[in-house]
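J.: Below you will find the structure I want to go over with you.
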Amino acid sequence: MKISFKKTYKFAVKSALYISLFATGFVVILVLLFFKNRTEHLLPFSLVFLVSVYAFSFMVLQYRVERFIYRRVKKIYDEVSLLESSTLINQPITTDMETLSREVKKFATDKKLEIEMLEIREEYRREFLGNVSHELKTPLFTVQGYISTLLDGAMEDKTIRKKYLKRAEKGVERLIYIVEDLDMITKLETGDLNLIITDFDIVELIQNVFDLLEMKADKKKIKLTYEKKILQPILVKGDKDRIQQILENLIVNSIKYGKQGGTTEVGVVNLTKKKVLIRISDNGEGVEKQNIPRLFERFYRVDKSGARSEGGSGLGLAIVKHIIEAHKEKVYVESEFGIGSEFSFTLEKAHKSANLEVK
């Protein structure tokens, strides 16, 4: 680690000047007192003495003070080195107090932010592990309960055996669903899930999702509809399968939390010349304002009991967010408790996409 002496010399200049003036004045007084009859060379002698004392004082003070400061500053750098701070270790030692204060302040701020980030991550890790444990524990105990009942003698009854095996199968399916969603999020976060970008008709894809979820919507008498009739195909760029997964997750959520006999509307509108906005809105129960910022967190549920009774892994919206971000697009949510919710996301238009009415 090399030394860099960054300084203004102000301290040494002033101190040397004070010493020189005092010493010269003192010598002049002595000469006047003891050599009254020999003062013809007093002025040149005084100037030479002043300059000599000043130069000597300046060099001694500058060197001594700087070495004094350097030894103590080096201790600071050595102690900081124990923390493996790349910001201070990989640069020369400075004895300039202003520069040093700025560097140490920046180092302390960076460390504070690093500690705060680690605390947030640790809290998130604990919460995440607790959520995973809870989500897996429920279906596991369900499956274990049914199998234990069958092994305890219920297997002899064909009706009970078939019913319990079907219920155990549903529990296993839920476990597989959770594990697959966790695997997908991990791949999205690490970049291991490659997107296959193609041009496709978003209107056709929305209709396919409507057809897939029609029976699910009919159970709650929820009507799946377009915000306004779209007559022409609308071509967009993206991974068709992943965009379908987004639409399925958002529409399933609107059905799950929608009110009996309600409506789920999907709209596609212009956002800019190069972007379209896909909106999924419902007139369901909505989300309270304080819960909206956490909707895309893994396993976060607004209604802890009701959401689990409806099934799902609790990872749907987290997957939606990761897929959209993997496309370098944006996702938005607006909701009013008791009135309904609207989720929307952007997609890039394909070159031959139809013109839409701007809303």
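The values are calculated or read from the model by the stated rules, or taken from the named source; none is laboratory data. As the structure is a computational prediction, the values presented were derived from the model and not from experiment. Cβ coordinates were reconstructed from backbone atoms using ideal geometry, including for glycine residues, and neighbour counts include every protein chain displayed. Heavy atoms of the whole protein, side chains included, go into the accessibility calculation; ligands, DNA and RNA do not. Shrake-Rupley method; radii C 1.70, N 1.55, O 1.52, S 1.80 Å.
J.: Taking the criterion of being closer than 27 Å to Arg242 by Cβ and in contact with a Lys or Arg (Cβ under 8 Å, 6 or more places away or on another chain), would at least one residue in region 138-148 satisfy it? Give the steps one after another, and end with the answer.
T.: Initially, region 138-148 is screened for residues closer than 27 Å to Arg242 by Cβ, giving 139.
From what's left, in contact with a Lys or Arg (Cβ under 8 Å, 6 or more places away or on another chain): 139.
Yes: region 138-148 contains one or more residues that are closer than 27 Å to Arg242 by Cβ and in contact with a Lys or Arg (Cβ under 8 Å, 6 or more places away or on another chain).
J.: Now for a separate question. Restricting the first residue to region 180-193 and requiring it to be at pLDDT below 80, which pairs with a second residue that is among the basic types (Lys, Arg) and not in a helix (DSSP H, G or I) meet a Cβ separation below 8 Å and a spacing of at least six or different chains?
T.: Ile185/Arg298
J.: Does Ile280 fit the bill of being out of contact with any Cys (no Cβ under 7 Å at 6 or more places or on another chain), part of a strand (DSSP E or B) and not basic (Lys, Arg)? Step through it out loud before you land on a result.
T.: Values: out of contact with any Cys (no Cβ under 7 Å at 6 or more places or on another chain): yes; part of a strand (DSSP E or B): yes; not basic (Lys, Arg): yes.
So Ile280 fits the description; yes.
J.: Need the failing condition index for Glu325 against (1) under 26 Å from the mean Cα position of the chain (by Cα); (2) among the acidic types (Asp, Glu); (3) open to solvent by 70 Å² or more (accessible area, probe 1.4 Å); (4) modelled with pLDDT under 85, just the number.
T.: Result: Glu325 fails condition (4) only.
J.: Within region 15-22, is even one residue in a helix (DSSP H, G or I), hydrophobic (A, V, I, L, M, F, W, C), surrounded by 12 or more Cβ atoms within 10 Å (Cβ to Cβ) and modelled with pLDDT under 70?
T.: The answer is no, given that none of the residues of region 15-22 is in a helix (DSSP H, G or I), hydrophobic (A, V, I, L, M, F, W, C), surrounded by 12 or more Cβ atoms within 10 Å (Cβ to Cβ) and modelled with pLDDT under 70.
J.: Out of Lys221, Lys216, Lys274, Lys228, which single residue is open to solvent by 80 Å² or more (accessible area, probe 1.4 Å), on the phi > 0 side of the Ramachandran plot and basic (Lys, Arg)?
T.: Values: Lys216 fails: on the phi > 0 side of the Ramachandran plot; Lys274 fails: on the phi > 0 side of the Ramachandran plot; Lys228 fails: on the phi > 0 side of the Ramachandran plot.
Criteria check complete, one pass: Lys221.
J.: Now for a different question. Of everything in region 33-63 that's modelled with pLDDT under 70 and either small (Gly, Ala, Ser) or open to solvent by 70 Å² or more (accessible area, probe 1.4 Å) (or both), which residue is farthest from the chain's Cα centre (by Cα)?
T.: The initial filter retains those residues of region 33-63 that are modelled with pLDDT under 70, namely 33-42.
Narrowing the set further to residues that are either small (Gly, Ala, Ser) or open to solvent by 70 Å² or more (accessible area, probe 1.4 Å) (or both) leaves 33-38, 40-41.
Values: Leu33: 80, Phe34: 82, Phe35: 82, Lys36: 84, Asn37: 86, Arg38: 84, Glu40: 82, His41: 79 Å.
The qualifying residue farthest from the chain's Cα centre (by Cα) is Asn37.
J.: Filtering region 232-263 down to residues that are over 19 Å from Val331 (Cα atoms) and among the polar types (S, T, N, Q), which residue is modelled with the highest pLDDT?
T.: Per the stated criteria, the residue is Thr263.
J.: Would you confirm whether any residue within region 120-127 is assigned to a helix (DSSP H, G or I) and within 26 Å of Gln245 (Cβ to Cβ)?
T.: From region 120-127, those assigned to a helix (DSSP H, G or I) are 120-127; that's our starting set.
Checking which are within 26 Å of Gln245 (Cβ to Cβ) leaves us with 124, 127.
Yes, region 120-127 contains at least one residue that is assigned to a helix (DSSP H, G or I) and within 26 Å of Gln245 (Cβ to Cβ).
J.: Oh, and also: Does Ile292 fit the bill of being open to solvent by less than 30 Å² (accessible area, probe 1.4 Å) and either at negative phi or assigned to a loop (DSSP other than H, G, I, E, B) (or both)? Working first, answer last.
T.: Working: open to solvent by less than 30 Å² (accessible area, probe 1.4 Å): no; either at negative phi or assigned to a loop (DSSP other than H, G, I, E, B) (or both): yes.
Answer is no for this residue.
J.: Kindly provide the set of residues from region 154-205 that are small (Gly, Ala, Ser) and surrounded by 13 or more Cβ atoms within 10 Å (Cβ to Cβ), ordered by number. Please lay out each step first, then the result.
T.: Of the residues in region 154-205, the ones small (Gly, Ala, Ser) are 154, 168, 171, 191.
Matches in region 154-205: Ala154, Ala168, Gly171.
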